[in-house]
Every structure is written in structure tokens, then in C-alpha cells.
Amino acid sequence: MVLSQINQSAVHCINPNCQRPYPQPWGNKFCNSCGAPLHLLDRYYPIQPLGSGGFAQIYTVWDEKNQTEKVLKVLVEDSPKALELFIQEAQVLSSFHHTGVPKVDADGYFQINLTVPKPHQLACLVMEKIYGHNLEEIRRNYPQGCPEHLVLNWFAQAVKILQELHKRQIIHRDIKPSNLMLRTPSPTAPLQAEQLVLIDFGGAKQFSGAILRSHSPSTRLFSSGYSPPEQMIGGNVGPAADFYALGRTIIELLTARYPQQLEDPITGELRWRNRCSVNPRLADLLDEMIQTDVRSRPAHAAIIQERLLKIVPAESKPGLFTQLKNTVIQTVTQFTLAVGNTTLFTVQAIFKFLLACLGTIWAMILGGMGASLGTIAGFLLAYQTKLGAFVAEFISLQLPELIQNSQTGSAREIIVYAVTGLGTAWGITLSGSFGQKRRFLVSAFMGLIGYSLGWIIWQFIKPHNSAEGLVPWMLVSISLLTLGLGLRTHSLAYTLIAAFGSANIIAALIHLGLKISFIHFSNQPSFLELFSPIAFFGFIGILISLCLGLSYYLIVPCLRWLGWR
């Protein structure tokens with residue numbers, strides 16, 4: 001990184017009592033107004049203030065040695081307690097090296113001598129600058145609550161950081177959304193997942209054994225709404241205090257409500273489950289973490305990690321489209337937070353619309369391809385292999401009343417339909433769209449059963465023409481196929497909309513004069529007869545994906561807005 005000419009033009013004095021702290025000429029060793037040192041340790045130049053936090057003022061500084069920007073934390077509170085917390089933060093960060101914690105230079109903690117308004121020392125701490133936004137800023141971008149898959153990712157990263165801290169017998173004691181930052185991916189790796197970083201170790205403490213014993217009221221520190229009861233009253237605290245604060249933080253991210261807004265006025269317990277729709281196992285874990293009784297919370301981070309793995313298996317990886325979608329969403333979110341939510345509302349809405357269109361089109365392509373390939377595979381299995389002949393004969397013997405003639409040709413149709421259903425379900429699952437759990441085996445099995453059962457029901461109905469049998473076949477087949485996709489919420493809504501929506505579209509096309517009929521094969525079909533089934537089933541696969549897209553991006557969000565959880 002090269003320091004810009006704009007920043008080189010001036011330096012900021014860090015003396016909190018300076019009457020004219022900015023601008024100071026670049027290259028000055030001392031402030032022209034109060035005489036405070038400007039070239040700290042002959043290495044750091046304060047550039048601009050970033051804000052204040054706790055007892056400290058935060059600045060951006062330029063490190064001449066490494067030619068990079070860093071963060072300078074200056075203690076402005078003149079009290080023994082503040083100095084104690086500041087020193088312990090420096091000690092913790094200097095001794096702890098982890099990507100989830102800001103790095104501190106070897107000589108990062110130091111004191112400078114001031115003479116204005118009276119002789120005293122100003123404690124300073126220089127650390128790595130984290131480029132990104134904290135989770136409190138990001139939460140404001142999701143007024144209905146952050147998406148569950150994002151929160152789970154942040155949750156898992158936070159637990160890993162706490163596990164490393166607790167191994168070294170360090171507890172943070174001040175976990176909340178504003179103290180968790182997402183490190184922006186570097187320009188050399190823009191598609192790299194954002195990394196969570198835990199900041200503000202002013203309240204961190206070493207503990208011995210299972211708990212930290214509070215010997216003095218001076219060490220009492222808490223954040224209302226996040227800190228556990230034992231910490232707020234100055235009692236003994238241990239790792240469970242961090243779990244309590246993290247649990248409340250995750251609930252805030254999911255619900256977009258501050259913990260105080262969710263507390264029962266009588267019991268003080270959080271009433272949050274009706275505010276969002278999440279995995280029940282995740283909700284149970286969070287409820288355990290925020291228990292008032294320390295003994296009811298998880299004992300250590302490994303227990304939480306194990307529970308999280310059961311909620312999101314380590315081998316479960318999102319599809320290509322899901323990865324690209326998350327990358328685009330993160331980029332848009334960062335851009336929105338940098339410029340302002342109100343200004344970029346329209347741009348964000350357009351991006352979400354384009355993502356919805358892209359996700360639906362991707363599913364339509366793979367759904368249609370899966371159906372077409374399944375039709376070809378089913379045809380070859382049924383009519384070109386001995387296994388198909390054996391299965392067809394078995395079906396004829398087991399279901400003689402359903403087979404309209406005594407030959408095995410009609411029985412082989414059920415094989416074609418079954419494999420086509422398998423291929424359709426597999427294609428839609430492969431797309432990774434619509435928030436699926438991507439259960440390939442389950443979805444394939446349900447697609448196979450759905451298309452087969454639909455064919456059997458059509459035999460029972462015996463309509464006057466093939467077109468009349470399409471609607472009941474689609475209702476049964478598509479309903480079972482959709483149930484097997486593993487859609488995370490509102491499965492009933494997706495099933496009904498996909499089945500009835502597809503059936504109504506087909507009925508409307510038939511009513512308009514389009515010739516669409518049930519697919520039949522002759523006893524000894526040629527490959528020329530395969531073109532019509534490929535087109536028919538491919539169109540059905542596209543239609544299912546289209547209806548699922550309308551459900552996921554339009555109808556179900558409206559149902560959530562109306563209060564259906």
C-alpha cells in the first residue's frame with residue numbers, strides 16, 4: 001500500500017487536550033499547538049481519527065517501517081481501572097497470534113510524554129488494521145434478520161476463535177456484534193470467504209482453572225444485553241460467560257432485534273423463536289448458551305463445535321451458484337455499508353432481482369437437462385437391456401390390473417418415468433438454488449417414486465384421452481419430487497405452488513390449443529420415438545424450476561411478511 005498525497009499533507013495530534021490537533025505539517029516531530037510528539041517511536045504518523053471506543057480514541061496511523069496503514073488506540077481516560085484494562089488488552093493481543101484476532105507489533109504498546117495541560121503519560125497501542133465492517137453494521141442491512149447460512153458461518157468462526165482463546169485460559173468478556181468484524185477479502189483473492197475477527201480485548205482476562213475470580217470491583221465490566229448475570233453482578237466468570245454473550249449476539253443477528261427488545265419483562269428470558277425461522281437444533285443450542293444458570297450452558301467450545309457440525313455437516317458444500325451468489329451478496333453489502341443504505345436501496349434491489357433471475361434460470365437449465373438425460377437413460381434401461389425386460393416382467397406380474405395389455409411394453413413405461421423423475425430431481429438439486437439442503441440420494445429417490453406413482457395413478461384414472469391424465473400425474477409426481485429437495489422452510493408452500501402451478505400452466509397451454517399429451521411407447525420403440533419424450537419431460541423439468549423460483553423469491557417472502565413462519 002502506498003500512502004496517498006492527500007494523507008501525506010497533514011498529521012493529526014493525538015493529545016486529547018490539544019486545542020488545534022489538525023492539520024499538522026507532514027514531517028513535524030512535534031505538534032505546533034501543544035508540543036506533543038507526532039512521529040511516534042520514530043515510526044508511526046497519526047493520520048486521522050476513526051472514532052472512540054470505551055476509554056480510548058482510535059486513529060489510523062502510517063507505519064513507515066512496513067509502509068502500511070495500522071490502527072492506533074490511545075487511552076484518554078485517566079483512571080487506574082482504565083489503564084489496567086488497556087494494559088491487559090496489550091498483553092493479551094501481544095501474546096496471542098491467530099488470524100481471528102488483530103495482530104500487535106512487537107513494540108506496539110508504548111507511552112508518550114505530554115506536557116499539556118500538565119505533565120503526564122499517554123498509553124498507546126498499535127495493531128493491525130482490519131478492513132471490513134462489524135456485524136452490527138451488517139445487521140442493519142438486514143431489517144428482517146440476517147440469512148441463516150451467513151449467521152451459521154459467522155457462528156462457527158466465532159466458536160473457533162473462542163476455543164483458541166480458552167485454550168490459553170483467556171476469556172474475552174465483551175462479545176457483541178460491534179466487536180465482531182468481517183475481514184474484507186484481499187484484492188488477490190476476491191472470491192475468498194470473509195473471515196471473522198474478534199476485536200476490543202479491553203475486557204479480556206486470564207483465568208485459572210474453570211473460572212475467573214473477581215477480587216475487586218474495579219475489574220467489573222459488562223455490556224448490557226449481552227453479558228451474563230454473573231458478570232453483571234461482579235461474580236466469578238469463566239468461558240461460559242463468552243458463550244452466553246455469543247448466543248445473544250447470534251440471536252440478535254437472526255432476529256434483527258436487540259436482546260433487550262426480546263426479553264420477557266417478568267422472567268428476563270429471551271422470547272425470540274417466533275421472530276425468525278431457523279433450524280430447530282440451532283435454536284436449541286442457542287437457548288442452552290443463554291441460560292441464566294452457568295451449569296446449564298455448554299462447558300467448553302468443543303461441545304458447541306460438535307453441535308454445529310450436526311447442524312451443518314462439514315462435508316456439505318454449497319453449489320457453484322450458491323458460492324457465486326454469496327460472493328455477490330457480500331460485495332453488494334460492503335458497497336452498501338460504505339456509501340449508505342438509503343442511497344443504494346434501488347441498486348441493491350436490482351442486484352437481488354438479477355440474482356433471483358440467475359438462480360431460477362440456472363435451476364431451469366439443470367432441471368431440463370436432468371430430465372432429458374433421465375429420459376434417455378430410462379429408455380435405454382427399459383428397452384435396450386435385459387434388466388429392463390426383467391423389471392417390466394416383474395411389474396406385469398405384480399400389478400396385472402394396472403397394465404392395459406399383456407405385453408411388457410406398457411410395463412416398461414414405468415421404468416422410463418421413474419428414471420426421468422430421478423434425473424429431474426438430481427438436476428434441480430445439482431443447481432443448489434432455492435436454499436436446498438442438497439440431499440442427492442433423498443431427492444433422487446423421491447423423484448423416482450413420484451414419477452412412478454403418478455404413472456400408476458394415471459392407470460387407475462383411465463381418462464378418455466392422454467391430455468386429461470397429465471394434470472393428476474403432475475400433481476402427484478411434482479409434489480413428491482419437491483418434498484425430496486430438502487427445502488429448508490415452508491416446504492408445504494413450495495410443494496403446492498410447484499405442483500398446482502405447473503399443472504395449471506400445462507392445462508392452460510392445452511386449452512389454448514397446444515398439443516400436449518401423455519407419453520406412450522410402442523412395444524418395440526425406435527430411437528426416433530425418443531425425441532418427443534425428451535422434449536416433454538425436459539419442459540416439465542423447466543416448468544418445475546420456474547415455479548420453485550417464483551415461490552422462493554416472490555411468494556414465500558410475501559408469506560413471511562404476512563407473518564407465516
Revision key, fill the gap. Between Ile510 and Gln305, Cβ-based FRET efficiency (R0 51 Å, step 0.05) works out to 0.40
Review point. Taking the mean number of other Cβ atoms within 10 Å as a proxy for protection, how do you rank 263-270, 533-540, 552-559, 83-90 from highest to lowest?
Key: 533-540, 83-90, 552-559, 263-270
**Study point:** Percent of Cα-Cα distances greater than 20 Å, calculated over the range 490-550
**Key:** 39
Point to revise | Net charge of Cβ neighbours under 14 Å - reference Gln57; Lys, Arg +1; Asp, Glu -1 | key: -2
Review point. Lys515: which lysines have alpha carbons under 28 Å from its alpha carbon, excluding same-chain residues fewer than 8 sequence positions away?
Key: Lys462
Study note, to complete from the structure: Between Gln121 and Glu84, the two model label points (7 Å from Cα along the beta-carbon direction) sit apart by a distance in nm of 1.8
Review point. What is the distance, in nm, between label points placed 7 Å from the Cα along the Cα-to-Cβ direction at Glu393 and at Thr68?
Key: 7.4
Review point. Tell me, in nm to one decimal, what length is gained between Asn17 and Gln91 on full extension, where the rule is 0.36 nm per residue of separation less the Cα-Cα distance?
Key: 23.9 nm
Exercise for review: Run the quick spin-label model on Thr267 and Arg281: label points 7 Å from Cα toward the beta carbon, then report their separation in nm to one decimal.
Suggested key: 2.5
Check your understanding: Can you pick out the pairs among Lys129/Lys160; Lys73/Lys118; Lys70/Lys167; Lys176/Lys205; Lys352/Lys437; Lys65/Lys118 whose Cα atoms lie more than 23 Å from each other?
Key -> Lys70/Lys167; Lys65/Lys118
Review point. Charges only on Cβ, +1 for Lys and Arg, -1 for Asp and Glu: so what's the dipole of the range 350-561 about the Cα centre, in debye to the nearest 20?
Key: 680
**Study point:** Stretchable slack from Leu441 to Ser526, in nm (0.36 nm times residue separation minus alpha-carbon distance)
**Key:** 27.5 nm
Point to revise | Dimensions in Å of the range 132-316 - Rg and Dmax from alpha carbons | key: 16.0, 53
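Laboratory data are not the source of any read-out in this text; all were calculated from the coordinates shown. What you see is a predicted model, and the numbers here were worked out from it, not measured in a lab. A quick note on method: Cβ atoms are made from the backbone with ideal geometry, for glycine too, and the neighbour counts reach across all protein chains shown.
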